[in-house]
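Student: I have a structure here, written as structure tokens, and I will follow up with some questions on it.
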Amino acid sequence: MLVPQGDLASLALQYLTDKGPQSHNYVRDYEPLFAPLRDKQLTLLEIGVLNGASIQMWSDYFPNGKIVGVDKDLKQFTWRPNVLLLQANVSTGEILQQVAEHAGPLDIVIDDGSHNHGDHMIALFELMQFLEPDGMYFIEDLHGDHITKQYLKLLQASPEQATMYHANSDAYRVLDVQLLYEENLALIRWGKVL
């Protein structure tokens, strides 16, 4: 079902995802970032799909997109033509690389997986290399992960230290870090080429 532009919150409520206004309300931050991309052919990867509510929301919101969900324990889910679900424990770099290679170039990554610091860092460093230069990488639910939050604050405070090799542009690039929604949602993007 397609909904009018600017109605990500309604989709979140329809599918009862915790990203909606009844819970974390991350759609408040996602909507202005995603609205210009809504009709694009993009790839969104979500780590941690639980019951598939957010995957259904993304599938409706990005009708021309490829929505890839990965979880170690997939529940019953209604098949959709633009959705690919992969069952995997993504706590190792090797598995994450296989997932990313299977998904293709990534435009949006949302880490809503284990909420464990080690898993956050492995996923960030493994998947950033597959993120398109204008892509967006999100880590949700940082309220319980103070180590990751502190690390991201350090990167935010010292952007010249926050560099990483980006294979797609064959250059080292700065990581641009923003903490959103009371510092419970992180947005990491590729910044300038060094």
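Student: Output yes when any residue across the stretch 54-70 is within 23 Å of His115 (Cα to Cα), in a helix (DSSP H, G or I), open to solvent by less than 60 Å² (accessible area, probe 1.4 Å) and aromatic (Phe, Trp, Tyr), and no when none is.
Tutor: Scanning the stretch 54-70 turns up at least one residue that is within 23 Å of His115 (Cα to Cα), in a helix (DSSP H, G or I), open to solvent by less than 60 Å² (accessible area, probe 1.4 Å) and aromatic (Phe, Trp, Tyr).
Student: Among the residues of the stretch 10-50, which ones are within 13 Å of the chain's Cα centre (by Cα), in a loop (DSSP other than H, G, I, E, B) and farther than 20 Å from Trp79 by Cβ? Steps first, please.
Tutor: Pass one, the stretch 10-50, residues within 13 Å of the chain's Cα centre (by Cα): 19, 26-27, 29-30, 33-34, 42-49.
Pick out the ones that are also in a loop (DSSP other than H, G, I, E, B) and you get 19, 26, 42, 48-49.
If the condition is that a residue be within 13 Å of the chain's Cα centre (by Cα), in a loop (DSSP other than H, G, I, E, B) and farther than 20 Å from Trp79 by Cβ, then Lys19, Tyr26, Leu42 are the ones that fit.
Student: Let me ask something additional. Being open to solvent by less than 50 Å² (accessible area, probe 1.4 Å), among the hydrophobic types (A, V, I, L, M, F, W, C) and in a helix (DSSP H, G or I) is the filter here; which residues of the stretch 140-163 pass it?
Tutor: Leu142, Leu152, Leu155
Student: Then there's this: Output the number of the condition that Leu106 fails; it satisfies all remaining conditions of (1) within 23 Å of Asp73 (Cβ to Cβ); (2) open to solvent by 60 Å² or more (accessible area, probe 1.4 Å).
Tutor: (2)
Student: Which of the residues that make up the stretch 94-127 are charged (D, E, K, R) and either over 12 Å from Gly69 (Cα atoms) or in contact with an Asp or Glu (Cβ under 6 Å, 6 or more places away or on another chain) (or both)? Even if it seems obvious, please write down each step before you answer.
Tutor: Narrowing the stretch 94-127 to residues charged (D, E, K, R): 94, 101, 107, 111-112, 119, 126.
Hits for the stretch 94-127 are Glu94, Glu101, Asp107, Asp112, Asp119, Glu126.
Student: Then there's this: Please go through the stretch 71-100 and give me each residue that is closer than 14 Å to Asp119 by Cα and either among the β-branched types (Val, Ile, Thr) or free of Cβ contacts under 8 Å to residues at least 12 places away in the same chain (or both), ordered by number. Walk me through how you get there before you give the answer.
Tutor: Residues of the stretch 71-100 that are closer than 14 Å to Asp119 by Cα, as a first pass: 71-72, 88-97.
Once the filter is applied, which keeps residues that are closer than 14 Å to Asp119 by Cα and either among the β-branched types (Val, Ile, Thr) or free of Cβ contacts under 8 Å to residues at least 12 places away in the same chain (or both), the stretch 71-100 yields Val90, Thr92, Glu94, Ile95.
Student: If you don't mind, there's one more thing I want to ask. Only residues that are crowded, with 17+ Cβ neighbours inside 10 Å and either under 17 Å from Lys153 (Cα atoms) or of a type in the set (Ser, Thr, Tyr) (or both): list them for the stretch 118-139, please.
Tutor: His120, Leu124, Tyr137, Phe138, Ile139
Student: Continuing with the same structure: Going through the stretch 90-115 one residue at a time, which ones are closer than 20 Å to Leu131 by Cα and assigned to a loop (DSSP other than H, G, I, E, B)?
Tutor: Residues satisfying the conditions are Val90, Ser91, Thr92, Gly104, Pro105, Asp112, Gly113.
The values are calculated or read from the model by the stated rules, or taken from the named source; none is laboratory data. Note that the coordinates shown come from a computational prediction; the quantities given were computed from them, not determined experimentally. Cβ atoms come from the backbone with ideal geometry, glycine included; neighbour counts cover every protein chain shown. Accessible surface areas use protein heavy atoms only, side chains included; no ligands, DNA or RNA. Shrake-Rupley method; radii C 1.70, N 1.55, O 1.52, S 1.80 Å.
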